[in-house]
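The values are calculated or read from the model by the stated rules, or taken from the named source; none is laboratory data. Computed from a prediction, not measured in an experiment: that's the story for all the values here. Cβ placement follows ideal geometry from the backbone for every residue including glycine, while neighbour counts extend to all protein chains displayed. Accessible surface is based on the protein model in full, side chains and every heavy atom, while ligands, DNA and RNA are left aside. Shrake-Rupley method; radii C 1.70, N 1.55, O 1.52, S 1.80 Å.
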Amino acid sequence: MLIAQISDVHVGGGRYRQELLRTAIDEINAAEPDLVVVAGDLTDDGYPDQYPLAREELARIACEQVVRVPGNHDARNVGYLRFEDTFGARDSRLRLEHPEGPLALVAVDSSKPDLDEGEIGREHYGWIEEGFAGDAALRVFVCHHHLMPIPGTGRERNQVLDAGDVLSLLRQCGVDLVLAGHRHVPYVWPVAGMLLVHSGTVSTLRTRGFPHPAFNLVRVKDGRISVELRIPGGEGQSLGDYPRDWPEEISARHSDPFVRPQRGVTLVEDDQ
C-alpha cells in the first residue's frame with residue numbers, strides 16, 4: 001500500500017510557488033498511490049479567492065481516494081465554512097479495501113477559528129474510537145497539528161492542546177500511522193507502537209530546519225512501513241524503515257494507565 005502525504009500548500013501566500021505544487025502532484029501521480037492525504041493549510045488565509053485556486057490545483061491529483069483536513073490557516077476569516085463549501089466535511093472516516101488488507105482512516109479537523117493552536121476535542125473521542133473499531137490491516141489518523149514537538153522548528157508553540165489524551169486514545173485504538181503537517185519540517189516520531197509522520201510544506205519557501213519544500217511517500221509492505229521524503233523536482237531521502245508490528249513491551253497498548261471516565265456519567269450524577 002502506498003500513501004502520498006502533502007501539507008501546508010498555502011495557496012495565495014507570498015512565498016507560495018505554484019510550480020512546486022504542480023511538480024509534486026505530477027510526481028505523486030506517477031507513483032500511483034492508493035491514497036493521498038492533504039494534511040491542512042491548503043490556503044494561506046482562508047479567503048474566498050484562495051479556495052477556488054486551491055481546489056483547481058489539487059484537482060490535478062489523479063488518485064481516486066483523496067482525504068483532506070483543514071489547517072489553522074484555512075480556518076482564518078471564517079474559512080472553515082469555505083472549506084466545507086469547497087471540499088466537503090472537515091471530519092471524515094474511510095474504509096478502503098486493499099489486497100494487503102483493509103485500511104481504516106479517521107481524519108479530524110484540529111483547527112479552531114483564528115487560532116494557531118490546535119485541539120482534537122473530547123467530543124471527537126468516541127467518534128474516533130468507532131472509526132477504528134473492527135478489523136483493519138492498517139489504521140491511520142489524520143490531523144493538521146502536531147501531537148509531539150518537532151525539532152528544527154524553533155520555539156515550541158501551538159501543539160495540539162489535548163495531545164496527551166489523544167496519544168493515549170490512538171494507542172488504545174491500535175493506530176499505526178498519524179499523518180500531520182503544520183510545522184513545515186518533515187519528521188517521524190516512533191511512539192508507543194505508532195509512527196507520527198509529519199510532512200514539510202509542499203509548495204512554499206516558508207521552510208525551517210529542513211531547507212526544502214517536501215512531501216512524503218509512505219509504503220506499507222511485507223510487515224514494514226517505510227517513509228520517503230521527496231523534494232519536488234529533486235531527490236528523495238529515507239525517513240526510516242520501521243516494523244509493522246511492535247513488540248508488546250514497547251508499544252504497551254494494553255498497559256496504558258490512563259483511565260477515561262465512563263461516557264454519560266458526570267460528577268453531578270454520582271450519588272456517592
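Miscellaneous remarks
- Note on region 155-169: residues that are closer than 24 Å to Thr204 by Cβ and in contact (Cβ under 8 Å) with a residue 40 or more places away in the chain total 4.
- Just one of the listed residues (Ala89, Ala104, Ala54, Ala4) is under 19 Å from the mean Cα position of the chain (by Cα) and in a helix (DSSP H, G or I), namely Ala54.
- Among (1) in contact with a Lys or Arg (Cβ under 9 Å, 6 or more places away or on another chain); (2) within 27 Å of Pro99 (Cα to Cα) - the single one Leu195 does not satisfy: (1)
- Filtered by the rule that a residue be more than 24 Å from Leu42 (Cα to Cα) and touching a Pro at 6+ places or on another chain (Cβ under 9 Å), region 194-236 gives Gly223, Arg224, Ile225.
- Region 170-205: number of residues that are assigned to a helix (DSSP H, G or I) and free of Cβ contacts under 8 Å to residues at least 60 places away in the same chain: 1
- Condition check for Arg90: free of Cβ contacts under 8 Å to residues at least 24 places away in the same chain, under 19 Å from His182 (Cα atoms) and either touching a helix residue (DSSP H, G or I) at 6+ places or on another chain (Cβ under 6 Å) or open to solvent by 20 Å² or more (accessible area, probe 1.4 Å) (or both): yes
- Residue ID - farthest from the chain's Cα centre (by Cα), chosen from residues in region 166-224 that are within 16 Å of Gln237 (Cβ to Cβ) and of a type in the set (Phe, Trp, Tyr): Phe210
- On the stretch given as region 227-256, residues that are basic (Lys, Arg) and in contact with an Asp or Glu (Cβ under 8 Å, 6 or more places away or on another chain) total 2.
- Residues satisfying the stated conditions in region 57-86, i.e. touching a Ser or Thr at 6+ places or on another chain (Cβ under 8 Å) and either small (Gly, Ala, Ser) or assigned to a loop (DSSP other than H, G, I, E, B) (or both): Pro70, Gly71, Asn72, His73, Asp74, Ala75, Gly79
- Selection of region 1-56 for residues being surrounded by 18 or more Cβ atoms within 10 Å (Cβ to Cβ) and among the small types (Gly, Ala, Ser) yields Ala4, Ser7, Gly12, Gly13, Ala24, Ala39, Gly40, Gly46, Ala54.
- Filtered residues of region 125-147 (kept if part of a strand (DSSP E or B) and touching a residue at least 60 places away in the same chain (Cβ under 8 Å)): Leu138, Val140, Val142
- Region 232-248, subset touching a Ser or Thr at 6+ places or on another chain (Cβ under 9 Å) and open to solvent by 50 Å² or more (accessible area, probe 1.4 Å), residue modelled with the lowest pLDDT: Glu248
- On the stretch given as region 57-79, residues that are over 17 Å from Val142 (Cβ atoms), in contact (Cβ under 8 Å) with a residue 24 or more places away in the chain and either in contact with a Pro (Cβ under 9 Å, 6 or more places away or on another chain) or surrounded by fewer than 17 Cβ atoms within 10 Å (Cβ to Cβ) (or both) total 6.
- Of the residues making up region 113-135, those that are open to solvent by 20 Å² or more (accessible area, probe 1.4 Å) and touching an Asp or Glu at 6+ places or on another chain (Cβ under 9 Å) are Glu119, Arg122, His124, Tyr125, Trp127.
- Where a residue in region 103-124 is among the polar types (S, T, N, Q) and its partner, wherever it lies, is open to solvent by 10 Å² or more (accessible area, probe 1.4 Å) and modelled with pLDDT of 95 or more, with Cβ under 8 Å and at least six apart: Ser110/Glu119; Ser111/Tyr80
- Pick from region 162-205, criterion open to solvent by 40 Å² or more (accessible area, probe 1.4 Å) and modelled with pLDDT of 95 or more, ranking: farthest from Tyr242 (Cα to Cα): Leu205
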